[in-house]
Amino acid sequence: MGQITLSKVTKKFGEVEVIPPLDLEINDGEFAVFVGPSGCGKSTLLRLIAGLEDVTSGTIAIDGTDATGLVPAKRRLAMVFQSYALYPHMSVRKNIAFPLKMAKFDQAEIDRRVEAAAKVLNLGDYLDRRPGQLSGGQRQRVAIGRAIVREPAAFLFDEPLSNLDAALRVGMRLEISELHNRLATTMIYVTHDQVEAMTMADKIVVLQAGRIEQVGAPLELYERPRNLFVAGFIGSPKMNFITGAEAARLGAHTIGIRPEHISISPSEGAWKGTVGVSEHLGSDTFFHVMGTGLAESMTVRTSGEVSLRHGDTIFLTPQEDKIHRFDADGMRIA
Amino acid sequence: MARRVSTRRRVIVTAIAWAVAFLIFFPILWTFLTSFKTEGEAVATPPHFLFFNWTLENYIEVNERSDYFLHFMNSVVISVGSTVLGLIIAIPAAWSMAFVPGKRTKDVLMWMLSTKMLPPVGVLIPIFLLFKNTGLMDTRTGLVIILTLIDLPIIVWMLYTYFKEIPGEILEAARMDGAGLREEVIHILTPMAIPGIASTLLLNVILAWNEAFWTLNLTAANAAPLTAFIASYSSPEGLFYAKLSAASMMAIAPILILGWFSQKQLVRGLTFGAVK
Amino acid sequence: MATKHSRAASRLMISPAVLLLLGWMIVPLSMTIYFSFLNYNLLMPGAHNFIGFDNYKYFLTDPAFTTALINTLVLVGGVLLITTVGGTLLALLLDQPIWGQGIVRVLVIAPFFVMPTVSALVWKNMFMNPVNGLFGWIATSLGLPPFDFLAHAPLFSVIMIVAWQWLPFSTLILLTALQSLDSEQMEAAEMDGAGAISRFVYITVPHLARATTVVILIQTIFLLSVFAEILVTTNGGPGTASTNLTYLVYAQSLLQFDVGGGSAGGIIAVILANIVAIFLMRMIGKNLDA
């Protein structure tokens, strides 16, 4: 079991309120991702749940029992840190066994569980090495191994992939998702990377300045962002925002249209502009279109390879039903 | 940085460096050589540099005639004792400042440092009178207490700079893994900090071994460590250079060897982490 | 960044060190201040009456005080000059690629580990002694009359001995600082067209400035309290020619048993040391933020 409930949780560092009153419910078995720009309070929120920081007010309940005053050791949670935080003076085996040793398991049980975890994570050959002798990806696996052996109520991940190179990051992302499918344990995962959030989460929690901007499934956030911030944060490349007469025409202060919801034509369309920088990915092509008079630059995504040169005239047509409308306060107009 | 230099230049620079180093080291070398001479050869004119009858008799005589061993043991007990006592007090303090820093941590650190800057002569009289009245005068215990207090700021500072280098996340990981404060300190912090603790120990033993204000003023025959024992050689003139050299070599050799191992830590410890 | 639990534990763990140092600072120092206002000599039993600032007046107007103050400044200044200039040159030398760098370093650093009483005695007898010392022999071999260093240039001799002990310290620190100089910075400057001299002036010198300040301040703290070297070699003499403030207070207190006068001198020494300490603390404090 691993249901985590935050009610009216706040956190102040001195006079600075980093988390204003916040309510959040994470269900058993859910993969929840906290995402937001750096300094949005997502890591602080995770540390509050972990018990590494005290809440200033409010309560945190784990499986219905109040855990607000409990020390981290008593919360039945496991955490994977950004720096992996492996114990450098212990072998991989001892690292993984440490939580079991602290929980006073008998040696036979410790050995059995360590072997099992090593098998799952492909660490069998490295059990007697020191963390210093491992690659980044292997260290990451050891950190995960240390977290899973104790069979905690929930796993907490604090930007675990940010120290890995791009290729490894994609691989580990899959491994963590697979792990979640297999264990079906609650996971809370903090990242600033919206791609990680979109690909891994059951539930995304978008945070800005300590406030929850929106909670929902990845596609829900993509399709129906509640406000300008979420609309701009989720999706890559970013949504195009247009203000002024064009927005007013649709009864909104700001309208947003995603790059993939604009079609292009060399001869006719709603908006006219010239091609600026084009980015060719092979599978897709992104054009940055200048001089439309709507926004400084509009990003357009097309499938496959389209050859347009810098300075070519281009016409853009948005899919009307995919236009998002926002009011003067930045909130979505339903 | 691999700099390209011509062999010619390298030869010249090497020669200069070795010459300078030899000059600086010469007094110690000369003491070493003299300690193996007879008293006659020690003051011979012109001086004998290498070609004399090497003898160990000075070492034997110093050991037999004086209580050299007593003073040596005094030095060991006082320097090691004050350092270990200092470490026991300083490890928890450095732990809290490095891992649970508060608003006042910096002030506390600076204040501790400021006590180190108190010139000893400013408190000479009260300490002298206190020692006389409490029977601590000329005891190892008394000196251990004083040296612990004067070295405590350096010990705390050195440990603090070493502890600061241990990432806080590792200790948090231990907490998440179910370790209490005691387990955290025993299983995680201490093993990781052993190199730092060892360096601190080493440097402070050296400093305490060579301390020569309190050891000279607060000891007489019983608790005098080697600093004070050697000072007693200052009175007689003339034919005693060989024995003085032998006694000196025995007093400095252990610390010279320890010191050579602790060059890096020395810089860090004595500059309070300002230069690493 | 911590919880109530860890903060409580933290306070508990820091208190022994804080209380001990607080006691060490307050108890003897306030006793010294108290004594400094008393007419209190161990050789004269009886009431120790309160005499206000008389001890300070007496101590400050004593001609020996002026001499001691000047001697202290000359001693500190002289040693600082020798060790910083010498230390910088030595550090630059040792930073060059040379054969046997490790051994050279070990030889240069060695004097720092020699206890003050040993180095004072070795220099006094085996080098500076006009009859049996090596310097005397060198002078005679050159046809010069041997010079009695400790009788005729006592303060200079003490400066030489102390400088020999502290030269390794400044060398080692400046060398460490030199070696921590970021080589990419040097390469960037080289790419920017800076020649060897410009690189030295604009990059190496500013980089060493901080370490030099640290060397000066820390040595000053220790040099203000030079004691054993004077006690062993000259006993402050001849007369007061090599008496510094520390030695003067020692002589007043433990040789003349004048508790009141010695305490007043001690407080004056504390005040002088504090002036230096303030600068040092600022330096280190800045470093804490960085």
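With the condition being over 29 Å from the mean Cα position of the chain (by Cα), more than 22 Å from residue A:234 (Cα to Cα) and of a type in the set (Gly, Ala, Ser), I'd like the strands (runs of 3 or more DSSP E) fully within region A:251-334 carrying at least 1 qualifying residues. Walk me through how you get there before you give the answer.
Working: elements: A:254-257, A:262-265, A:271-280, A:284-290, A:297-303, A:313-318, A:324-326.
Once the strands (runs of 3 or more DSSP E) in region A:251-334 are filtered for at least 1 residues that are over 29 Å from the mean Cα position of the chain (by Cα), more than 22 Å from residue A:234 (Cα to Cα) and of a type in the set (Gly, Ala, Ser), what remains is A:262-265, A:271-280.
It is to be established whether one or more residues within region B:46-53 are in a helix (DSSP H, G or I) and surrounded by fewer than 17 Cβ atoms within 10 Å (Cβ to Cβ). Steps first, answer last, please.
Quick first cut of region B:46-53, residues in a helix (DSSP H, G or I) only: none.
So far as region B:46-53 goes, no, none of its residues is in a helix (DSSP H, G or I) and surrounded by fewer than 17 Cβ atoms within 10 Å (Cβ to Cβ).
Of all the residues that make up region A:138-171, how many are over 23 Å from residue A:110 (Cα atoms) and buried (at least 18 other Cβ atoms within 10 Å of the Cβ)? Step through it out loud before you land on a result.
Keep residues of region A:138-171 that are over 23 Å from residue A:110 (Cα atoms), which gives A:157-171.
Imposing the further condition that a residue be buried (at least 18 other Cβ atoms within 10 Å of the Cβ) reduces the set to A:157-161, A:164, A:169.
Looking only at that region, the number is 7.
Which ones in region C:14-57 are part of a loop (DSSP other than H, G, I, E, B) and within 27 Å of the chain's Cα centre (by Cα)? Step through it out loud before you land on a result.
As a first pass, look at region C:14-57 and keep what is part of a loop (DSSP other than H, G, I, E, B): C:36-37, C:39-40, C:42-43, C:45-49, C:51-53.
Result: C:36, single match.
Hey, any hits in region B:124-136 for a residue that's more than 14 Å from chain C (Cβ to nearest Cβ), more than 30 Å from residue A:146 (Cα to Cα) and not in a helix (DSSP H, G or I)? Spell out the reasoning first.
Taking region B:124-136 and keeping what is more than 14 Å from chain C (Cβ to nearest Cβ), we get B:135.
Checking which are more than 30 Å from residue A:146 (Cα to Cα) leaves us with B:135.
From what's left, not in a helix (DSSP H, G or I): B:135.
Yes, region B:124-136 has at least one match.
Tell me yes or no: at least one residue of region B:84-94 is touching a helix residue (DSSP H, G or I) at 6+ places or on another chain (Cβ under 7 Å), surrounded by 22 or more Cβ atoms within 10 Å (Cβ to Cβ) and either of a type in the set (S, T, N, Q) or outside the structural domain of residue B:252 (by TED's automatic domain parsing) (or both).
Taking every residue of region B:84-94 in turn, none turns out to be touching a helix residue (DSSP H, G or I) at 6+ places or on another chain (Cβ under 7 Å), surrounded by 22 or more Cβ atoms within 10 Å (Cβ to Cβ) and either of a type in the set (S, T, N, Q) or outside the structural domain of residue B:252 (by TED's automatic domain parsing) (or both).
Quick one: residue A:256 ticks every box in (1) assigned by TED's automatic domain parsing to the domain that holds residue A:10; (2) small (Gly, Ala, Ser); (3) closer than 24 Å to residue A:331 by Cα bar one, so which box is it?
Only one criterion in (1) assigned by TED's automatic domain parsing to the domain that holds residue A:10; (2) small (Gly, Ala, Ser); (3) closer than 24 Å to residue A:331 by Cα is unmet by residue A:256, namely (1).
This table checks each residue for (1) facing chain B (nearest Cβ under 7 Å); (2) at pLDDT 90 or above.
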{"residue": "C:5", "(1), (2)": "no, no"}
{"residue": "C:14", "(1), (2)": "yes, no"}
{"residue": "C:39", "(1), (2)": "no, no"}
{"residue": "C:51", "(1), (2)": "no, no"}
{"residue": "C:74", "(1), (2)": "no, yes"}
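Looking for something crowded, with 17+ Cβ neighbours inside 10 Å, more than 25 Å from residue C:26 (Cβ to Cβ), in contact with a Phe, Trp or Tyr (Cβ under 9 Å, 6 or more places away or on another chain) and in the same structural domain as residue B:157 (by TED's automatic domain parsing) - is there at least one such residue anywhere in region B:108-123?
no
Looking at A:294, A:308, which one is touching a helix residue (DSSP H, G or I) at 6+ places or on another chain (Cβ under 9 Å) and outside the structural domain of residue A:36 (by TED's automatic domain parsing)?
Details: A:308 fails: touching a helix residue (DSSP H, G or I) at 6+ places or on another chain (Cβ under 9 Å).
That would be A:294, the only listed residue that is touching a helix residue (DSSP H, G or I) at 6+ places or on another chain (Cβ under 9 Å) and outside the structural domain of residue A:36 (by TED's automatic domain parsing).
In region A:262-285, is there at least one residue being of a type in the set (Val, Ile, Thr), without any contact (Cβ under 8 Å) to a residue 40 or more places away in the chain and buried (at least 18 other Cβ atoms within 10 Å of the Cβ)? Walk me through it before giving the result.
Step one: list which residues in region A:262-285 are of a type in the set (Val, Ile, Thr), which gives A:262, A:264, A:274-275, A:277, A:285.
Then keep just the ones that are without any contact (Cβ under 8 Å) to a residue 40 or more places away in the chain; that gives A:275, A:277, A:285.
Narrowing the set further to residues that are buried (at least 18 other Cβ atoms within 10 Å of the Cβ) leaves A:275, A:285.
Checking region A:262-285: at least one residue is of a type in the set (Val, Ile, Thr), without any contact (Cβ under 8 Å) to a residue 40 or more places away in the chain and buried (at least 18 other Cβ atoms within 10 Å of the Cβ).
Restricting attention to region C:191-245, report how many residues are without any contact (Cβ under 8 Å) to a residue 12 or more places away in the chain and either of a type in the set (Ser, Thr, Tyr) or farther than 30 Å from residue C:255 by Cβ (or both).
Result for region C:191-245: 13.
Which residue out of C:90, C:107, C:80, C:94 is within 27 Å of the chain's Cα centre (by Cα) and more than 14 Å from chain B (Cβ to nearest Cβ)?
Details: C:90 fails: more than 14 Å from chain B (Cβ to nearest Cβ); C:107 fails: more than 14 Å from chain B (Cβ to nearest Cβ); C:94 fails: more than 14 Å from chain B (Cβ to nearest Cβ).
Among C:90, C:107, C:80, C:94, only C:80 is within 27 Å of the chain's Cα centre (by Cα) and more than 14 Å from chain B (Cβ to nearest Cβ).
Would you point out the residue of region B:29-42, among those that are buried (at least 22 other Cβ atoms within 10 Å of the Cβ) and closer than 18 Å to residue C:119 by Cα, that is farthest from the other protein chains (Cβ to nearest Cβ)?
Step one: filter region B:29-42 for residues buried (at least 22 other Cβ atoms within 10 Å of the Cβ), giving B:31, B:34-35, B:37, B:42.
Add one more test, that the residue is closer than 18 Å to residue C:119 by Cα, and what stays is B:31, B:34-35, B:42.
Details: B:31: 5, B:34: 7, B:35: 11, B:42: 8 Å.
Within region B:29-42, the match that is farthest from the other protein chains (Cβ to nearest Cβ) is B:35.
Tell me the strands (runs of 3 or more DSSP E) entirely within region A:1-117 that contain at least 2 residues that are under 30 Å from residue A:134 (Cα atoms).
Values: elements: A:4-13, A:16-26, A:31-35, A:57-62, A:77-80.
The qualifying strands (runs of 3 or more DSSP E) are A:31-35, A:77-80.
Determine, yes or no, whether residue A:77 is at pLDDT 90 or above, within 17 Å of residue A:211 (Cβ to Cβ) and within 14 Å of chain B (Cβ to nearest Cβ).
No: the conditions fail for residue A:77.
The values are calculated or read from the model by the stated rules, or taken from the named source; none is laboratory data. In this text the structure is predicted, and so the values were computed from the model without any measurement. Note: ideal-geometry Cβ built from the backbone for every residue, glycine included; neighbour counts use all protein chains shown.
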